[in-house]
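Report on one structure; see the data block that follows.
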Amino acid sequence: MLLDAAIERFRTHLAHERGLSPRTVEAYASDLASLSAFLAEHGKDRAQAGSVDATALRAYLAAEVARGLSGRSMMRRVSALRSFFRFLEKRGAIASDPTLHLAQRVARRSVPTIVSEERLELMMNLPDVSRPAGARDRAILEFLYGTGVRLGELVALTVGDFLPLSDRVVVHGKGSKRRVVPFAGRARASMLVYWASRFGLVSATDASLKARTSAPAFAGRADGEKETRVSRRTVQRVVARHLRRVASVTKASPHVLRHAFATHMLDHGADLRAVQELLGHESLSTTQIYTHVSVEHLRKVYRKAHPRA
C-alpha cells in the first residue's frame, strides 16, 4: 500500500471509528504528511508503507529536531508514528511495526502556570455586567474557572446542554465523549444573568429558555435574526484581556483557568480521581501534573509559616 493511501485510510479510522475531534485528526494527518514529504525529498517518492523502516524514521525525527521542533511537538510526532504503524500492522498492511525499534523517550512535562485565587477574584470583578458584552465576558470567565472545561468544549455548548437548569451541565469532550460537569455557585449565577440580559428576559428559567435550546450557550454577535456562536479567538481575547490586568503571565490563555481550577480543587482537598473525571482526562497520569503544582504550593506555605523551615 502506498504511504499516502495508508495515511488517508488512517485518517478515516481516526475520524469514524475512534471518533476523534477534527482538530486531533488533522494534527495526526499533518504529522504523517510531514513524514511523507521528508521521504519524497530523500528519493523515496510514492514510498510503500511497508518499506518504511526504523532507520528512515530515525532520519526523519533527527531532521525535525535539527529544524528546531520543540520537545512537545516531537513527542506528538512520535505518538502519531506509533499509532499509525500499529494500525497498519493490526490490519495486515505491513509485516512489522518499525516504531518498535524507536527509543522510548518521554518529554518532561512543563509545570502549568497557576494564578492565585485572590488574583482570579479580582479578575472576575473587572467586566461591566450592566452591559451585554460585559455580562457575557463575566459568564465566560466564571464558567471556565468554575468548571475546568476546555476552550473547545465551552464554544460547542448550547443552551439545551444546561436544561433543565440544575447543578450540572452536559459537556461534549474529546472524541465525541460526553461527561456531566457540576455547574453551580458563581458560574451558574453569572450564566443566568448573561442569558437574561442577552435574551431580554426578566429571569432565566427552564420555561423562558425552552424555546432557545438550540441557541449557542455563548454568543459572538447577532447577525440580523441569526445569532452566531462565540469563536475560539473571541474567548481567547476575553481571557487574555482580563487575566493580564491582574496577573503577570507569559501565556494568558483559557487553559490557565483550567489549570487553576484543577490546582485549587486539589489545594482544597479534592480527590485526584474526582479531578480527573471533572477534567475529562482519560489517564490519571495526565492529571497528576497538578499534584506537583499543589505540593509546591504547600512547600511554599510551609517555608513561609513554619518558624524552623
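A short reminder: the numbers here are calculations on the coordinates, not readings from a lab. Small disclaimer: the values here were computed from a predicted structure and weren't measured. Because the Cβ atoms are built from the backbone with ideal geometry, glycine has one as well, and the counts that use them run over all protein chains shown.
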Among (i) 1.19; (ii) 0.97; (iii) 1.02, the entry derived from the coordinates for Cα Rg over 2.2 N^0.38 Å: (i)
Using Cα pairs under 8 angstrom and six or more residues apart, how large is the relative contact order of segment 117-301, in percent? 23 percent
Among Val256, Val169, Val246, the residue with the largest mean-square fluctuation in a Gaussian network model of the chain built from Cα contacts under 10 Å is Val246
Residue (of Gly220, Ser248, Ala207) at the positive-pole extreme of the chain, dipole from beta-carbon charges: Ser248
Scan of the chain for trypsin sites (Lys or Arg not before Pro) in DSSP loops with at most 14 other beta-carbon atoms within 10 Å gives a longest site-free stretch of 110-176
Can you give the charge dipole size of segment 3-101 about its Cα centre, rounded to the nearest 20 debye, using +1 on the beta carbon of Lys and Arg and -1 on the beta carbon of Asp and Glu? 280 debye
How many angstrom lie between the Cα centre of segment 133-151 and the Cα centre of segment 152-228? 11 Å
Say each of Arg91 and Ala211 gets a label point 7 Å from the Cα, pointing the same way as Cα to Cβ; how far apart are those two points in nm? 4.9 nm
